[in-house]
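S.K.: Have a look at the structure that comes next, please.
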Amino acid sequence: RRLVLKVISIGIAVGLLGVLGARFVGRQLLVLVYNPEYAEHGTLLFWLMVAGVMLYIGGALGVAFTATRAFKKMPLPYFAIAIVSFFLSATLIPAYGLVGAAWVLLGVYALLCVVMILLLKSTPLPS
């Protein structure tokens, strides 16, 4: 458990650096790496970085759950996540475009974290 918490902490720290970078120098970075037309998507970059933090946490939790080898518990929650993803996409993307797509990712990755936590709580970790 300590290793999982350590990996999650590193993911959060790295992710927050990305979020702060996107917030304060995101537009300049987009101009530098791509071209000035991309600078108008600074808000999108910010939300993608926020979603990335959730993905880092969910990924670490997913690896921990995979270590339990309780693979039979995985299909139903992942099916539910796919359904939620479909409905979030159908609602947010037409209304908010690219930023809506980033919000879909954020919601789906947050749900992934919740699902992984619930699965880990119901499954003992190997020693």
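S.K.: Treat each spin label as a single point 7 Å out from the Cα along the C-beta direction, and report the residue 28 to residue 43 distance in nm.
M.R.: 2.2
S.K.: Just need the relative contact order of the chain here, percent rounded to a whole number, with Cα pairs under 8 Å and 6+ apart.
M.R.: Answer for the chain is 31 percent.
S.K.: A further question on this structure: Taking the Kirkwood radius as the inverse of the mean 1/r across Cα pairs, report the Rg/Rh of the chain.
M.R.: 1.05
S.K.: Continuing with this model, one more query. Not counting ligands, DNA or RNA, and with a 1.4 Å probe, what is residue 91's accessible surface area in Å² rounded to the nearest 10?
M.R.: 90
S.K.: May I ask you to give the solvent-accessible area per residue for the chain, in square angstrom, as obtained with a 1.4 angstrom probe?
M.R.: On a per-residue basis, 65 Å².
The values are calculated or read from the model by the stated rules, or taken from the named source; none is laboratory data. Being a predicted model, the structure only gives us computed values, none of them experimental. In this analysis, Cβ positions are derived from the backbone assuming ideal geometry, glycine residues included, and neighbour counts consider all displayed protein chains. Quick note on the areas: whole protein, heavy atoms, side chains included, nothing else; ligands and nucleic acids left out. Shrake-Rupley method; radii C 1.70, N 1.55, O 1.52, S 1.80 Å.
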